[in-house]
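**Q** Handing you this structure, nothing more for now.
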Amino acid sequence: MLLLRCPPLLLLLLLLPLNSRPQKLPTRDEELFQMQIRDKSFFHDSSVIPDGAEISSYLFRDTPKRYFFVVEEDNTPLAVTVTPCDAPLEWKLSVQELPEEASGEGSGDPEPLEQQKQQITNEEGTELFSYKGNDVEYFVSSSSPSGLYQLDLLSTEKDTHFKVYATTTPESDQPYPELPYDPRIDVTSLGRTTVTLAWKPSPTASLLRQPIQYCIVINKEHNFKSLCAVEAKLSSDDAFMMAPKPGLDFSPFDFAHFGFPADNNSGKERGFLKSSKFGRQTSPKLRADLHRVCIENKNIFTVSDLKPDTQYYFDMFAVNTNTNMSTAYVGTFARTKEEAKQKTIELKDGKVTDVFIKRKGAKFLRFAPVSSHQKVTFSIHSCLDAVQIQVRRDGKLLLSQSVEGVRQFQLRGKAKAKYLIRLKGSKKGASMLKILATTRPNKQSFPSLPEDTRIKAFDKLRTCSSVTVAWLGTQERNKFCIYKREVDDNYNEEQKKREQNQCLGPDTRKKSEKVLCKYFHSQNIQKAVTTETIRGLQPGKSYLLDVYVIGHGGHSVKYQSKLVKTRKFC
């Protein structure tokens, strides 16, 4: 059998050469088939469907396309497979008798070309099969009549790609991997971020020993009927999925653009082309919501890094790496488990609450004022690294911020409103913080801080027994206490950083370390700076200095520690 695609006149010119000998349609022998496969020009801009090789082509919306192939002898096995890619197709397969002189049984002079053309193109063929939809559909017959077969395709939804495969030796070719008796994908394990899938192997791999790999596709929208549909969704800019420009020549059997190698190497077996390794990974644009993973001949796989409480769709495709052709298992779907529900901490109006969060962890707090209120104030003191805070009022997101040090947020109130606070810890390590929620604007437990909480040491004023330091204050009158602690000479910044818990107050310090306490503020923020000389130190020794500011509610905040060293010789 020779499968063809061309306009009727060109078809007859190919099939019915003008000579004085009896006419006979070309047969599909191995040499002829391999010659035609190697010769790209044979299929260029034609309607030829080759026997035993899959073609990829393109349909413009509402523009039908017709393909031809010829079956020479009666009682010939025939299989035709049409694979829609990214839109439903309408397709019909029909057959009409060949002219008697073309069958090779007659003798004498051939009929005039125009008469032969009229015999084929003007007769209405007998419809054998029709289909409308986006499934991979087959026409299979163990005994087909001889004749000119026509395959008509139409896309009414949008421009789309499709694939066609036809063969007269379906029993021996078997280019598509065979599915097991149970082609379903089983979900064997389900977690918050993982799903484990298992499936039965393809008999093509287990019995026929052909090279099979399995490609798993994960997305949140729907299951896919074919790998062609997945590729269309994955990358619209891939050369495989590029639409031809109207009016230009387009070859549906272009090796370079449809997954076949650029050289002219033919397949080892009749009707197959040795294709490049399946699954190109270099498409310019990939969709973040659709993932494809191809694995070797395994029958279990765990999908990880999923989102909790989210429904995912899973599809499995067995791919014959010799033919580059695939078969879809029956897809499935599953919803990942919810996040473990955490205990919600209740906040009381005007009371400071201590919160500890594990590394990368989160805590939920709830604030439900008992009385009506115009405003609500959240004060947060992050003791270590920055933390993330989200505040929702009756489900509506009001605030999402990163907090380092002391921050205060004032939000508009609402009668009988309930506030849900989500605190997310640092990736570096565990987080500690203090939080206060109140409907009374004047209730401030945490002292106000300047933007710069560093302590400055004056090197020129340094002596063998004293150091002079300065720090910034605010317009609010607060109490400041300074403490000193002698440290080793090898004390470094890394050790100092580990001790930077700003929530540890003066009550954790030894009395002997206290230098003094004083009140300080300035209405002029530019002049809100104070200095202090610390005396009674030892020559050539290192000291760690800490300044604490204590608010009206008794809660303190520590400035950044300062490492100083007295002069050794004076």
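**Q** From the residues in segment 67-96 that are of a type in the set (Asp, Glu) and over 38 Å from the mean Cα position of the chain (by Cα), which one is least open to solvent (accessible area, probe 1.4 Å)?
**A** Glu72
**Q** Follow-up question, since we're still on this one. Exactly one condition in (1) out of contact with any helix residue (DSSP H, G or I) (no Cβ under 9 Å at 6 or more places or on another chain); (2) open to solvent by less than 60 Å² (accessible area, probe 1.4 Å); (3) farther than 16 Å from Thr169 by Cβ; (4) modelled with pLDDT of 90 or more is false for Pro64; which is it?
**A** All conditions are met except number (2).
**Q** Just for segment 410-422: of the residues that are open to solvent by less than 80 Å² (accessible area, probe 1.4 Å) and not aromatic (Phe, Trp, Tyr), which one is farthest from the chain's Cα centre (by Cα)? Please lay out each step first, then the result.
**A** As a first pass, look at segment 410-422 and keep what is open to solvent by less than 80 Å² (accessible area, probe 1.4 Å): 411, 413, 415, 417, 419-421.
Among the residues that remain, those that are also not aromatic (Phe, Trp, Tyr) are: 411, 413, 415, 417, 420-421.
Working: Leu411: 36, Gly413: 40, Ala415: 42, Ala417: 38, Leu420: 30, Ile421: 30 Å.
If we take residues in segment 410-422 being open to solvent by less than 80 Å² (accessible area, probe 1.4 Å) and not aromatic (Phe, Trp, Tyr), then Ala415 is farthest from the chain's Cα centre (by Cα).
**Q** Please report, ordered by residue number, the strands (runs of 3 or more DSSP E) entirely within segment 307-409 with at least 1 residues that are more than 30 Å from Ile185 (Cα to Cα), open to solvent by 90 Å² or more (accessible area, probe 1.4 Å) and in contact (Cβ under 8 Å) with a residue 40 or more places away in the chain.
**A** Ranges flagged: 353-357, 375-382.
**Q** Inside segment 424-466, can you point out the residues that are in a strand (DSSP E or B) and under 42 Å from the mean Cα position of the chain (by Cα)? Explain how you work it out, then say what you get.
**A** So in segment 424-466, the residues in a strand (DSSP E or B) come out as 424, 431-438, 456-457.
Of everything in segment 424-466, those that are in a strand (DSSP E or B) and under 42 Å from the mean Cα position of the chain (by Cα) turn out to be Lys424, Ser431, Met432, Leu433, Lys434, Ile435, Leu436, Ala437.
**Q** Which residue pairs have Cβ atoms under 8 Å apart, sit 6 or more places apart or on different chains, and have a first residue in segment 133-149 that is over 22 Å from Val330 (Cβ atoms) and a second that is among the basic types (Lys, Arg) and open to solvent by 60 Å² or more (accessible area, probe 1.4 Å)?
**A** none
**Q** Given the criterion closer than 26 Å to Thr63 by Cβ, of a type outside the set (Lys, Arg), open to solvent by 30 Å² or more (accessible area, probe 1.4 Å) and in a loop (DSSP other than H, G, I, E, B), identify the matching residue among Glu178, Glu157.
**A** The unique qualifying residue is Glu157.
**Q** Quickly run through segment 196-214 and pick out the residues that are touching a residue at least 40 places away in the same chain (Cβ under 8 Å), part of a loop (DSSP other than H, G, I, E, B) and either surrounded by fewer than 20 Cβ atoms within 10 Å (Cβ to Cβ) or over 31 Å from the mean Cα position of the chain (by Cα) (or both). It would help to see each step written out before you state the result.
**A** Going residue by residue through segment 196-214, those that are touching a residue at least 40 places away in the same chain (Cβ under 8 Å) are 196-202, 204-205, 210-214.
Now restrict to residues that are part of a loop (DSSP other than H, G, I, E, B): 199-202, 210-211.
If the condition is that a residue be touching a residue at least 40 places away in the same chain (Cβ under 8 Å), part of a loop (DSSP other than H, G, I, E, B) and either surrounded by fewer than 20 Cβ atoms within 10 Å (Cβ to Cβ) or over 31 Å from the mean Cα position of the chain (by Cα) (or both), then Lys200, Pro201, Gln210, Pro211 are the ones that fit.
The values are calculated or read from the model by the stated rules, or taken from the named source; none is laboratory data. Since we're looking at a predicted model, the values are computed, not measured. FYI the Cβ positions are ideal-geometry reconstructions off the backbone, even for glycines, and counts take in every protein chain you see. With ligands, DNA and RNA removed, areas are computed over all heavy atoms of the protein, side chains included. Shrake-Rupley method; radii C 1.70, N 1.55, O 1.52, S 1.80 Å.
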